[in-house]
Structure formats: C-alpha cells, structure tokens
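First up is the structure itself, then whatever we jot down about it.
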Amino acid sequence: MITLTRNTPRGYLVPTSRVEIDVFTTWLLERLGLGGSLVEIDLVDDATIAELNLEFMGMPGPTNVLSFPDTDDLHCEAPYVLGEDFLPEEYTEDDGRDCLGDVGDPDTDPDRPLRLGAIALSLDTCAREARLYGQTSREHFFRLLCHGILHCAGLDHSEEMDIITDEAMEEIRTWEAV
C-alpha cells in the first residue's frame, strides 16, 4: 500500500505511471514478506531534497533518494527485514536480525497496516543520474524506489541489498517484454 505525492513544479515528468509505481511497490513489499505495509513516496525536485538532505543528513546539496524508516512501527532498535526467498542459502541462516516478529502494539488496532516509513525521491537527480549511468529514466527511477523501500525495510548498503535490487530490476524488465 502506498501514499504517493508529487511535490514538483509543473512540467516535471515522472518516468512511469502511478499504476506501475503501485504495482512495483506492492510486488516488492510482498517479496519482502511485508505485504499490506504502508510506504509514503514523495516525488520532489532537487531544491526540496537538498533541504531534506541538509536537515536530516547534515549534507549540503541534492541527493537521489532519502528514506525515513518508521522504527516506532517496527518495534526494534535496528530494523532488519529480509524475505528469505531473495538470498542464497548462506544468507538465510537465523542470525537474530529479523525483528518483525511482533509488530503490533496491544493498545493499537490490529488491522492497522504496518507503516514502514517515507521516501523522498528527486526527479531531477534521477534524470541526471540516468543519463550519467546510461539507463533509461524509468529504469533508474525504479532502482531508486527499490533502494528507498529497502532502507525503510531496514536494510543498509550490502551485497544483500544488491541481490534484492537486481531481482527487482529483472522484474521490471519482464514488464517491458510484455
């Protein structure tokens, strides 16, 4: 489940449709074992993401995507969520990092969706990086969206994150073939 907002001046093109964003996000959350979770996606320009980058990361200038995991909803100090189907066997041993065993609070509505967090994605930086990396804007958009969702799900930069991202990009390519 997503909440999608677009906070860009008129004339900014999103390199895909709302439907594809929704289908991709739903697919990725299901693959992570987090189906039905809520992710807020905010499509912004470089000026907006530069403000967020300075305020929350202490870094001047724009970046491509920022993730704001909702650790209150995850109920753990260091969230780490990973669907075992994504990884080779050596990554699937129980190492105690999965902290989503009990995500509900007895005082809250048990039917309330798990809120993973919010993502701010710069359409300016996405387009610029797509040209730089020789990718289509659409492909790079989904790569950044995947990256942001994985951070909200508790993953940090790692081989595990790369494996999941590669599988997600393969899924996107199958859509193009249809």
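The values are calculated or read from the model by the stated rules, or taken from the named source; none is laboratory data. Model, not experiment: these values are computed from the prediction. Neighbour counts are summed over all protein chains in view; Cβ atoms, including those assigned to glycine, are modelled from backbone coordinates with ideal geometry.
List of remarks:
- The range 34-58, subset touching a Lys or Arg at 6+ places or on another chain (Cβ under 9 Å) and not in a loop (DSSP other than H, G, I, E, B), residue nearest to residue 168 (Cα to Cα): 39
- Single unsatisfied condition, residue 68 versus (1) at pLDDT below 90; (2) hydrophobic (A, V, I, L, M, F, W, C); (3) closer than 30 Å to residue 10 by Cβ: (1)
- Against the list (1) at pLDDT below 95; (2) of a type outside the set (Ser, Thr, Tyr); (3) crowded, with 19+ Cβ neighbours inside 10 Å; (4) touching a Cys at 6+ places or on another chain (Cβ under 6 Å), the condition residue 99 fails is (3).
- Those residues of the range 2-33 which are in a loop (DSSP other than H, G, I, E, B), of a type in the set (A, V, I, L, M, F, W, C) and more than 12 Å from the chain's Cα centre (by Cα), in sequence order: 13, 14
- Residue in the range 132-139 that is among the hydroxyl-bearing types (Ser, Thr, Tyr) and closer than 17 Å to residue 27 by Cα present: no
- Residues (among the hydrophobic types (A, V, I, L, M, F, W, C), without any contact (Cβ under 8 Å) to a residue 24 or more places away in the chain and outside any loop (DSSP other than H, G, I, E, B)) located in the range 156-178: 161, 177
- Screening the candidates 117, 61, 154, 148 for the property of being loosely packed, with under 12 Cβ neighbours inside 10 Å, at pLDDT 50 or above and either more than 19 Å from residue 172 (Cβ to Cβ) or touching a Ser or Thr at 6+ places or on another chain (Cβ under 8 Å) (or both) yields one hit, 61.
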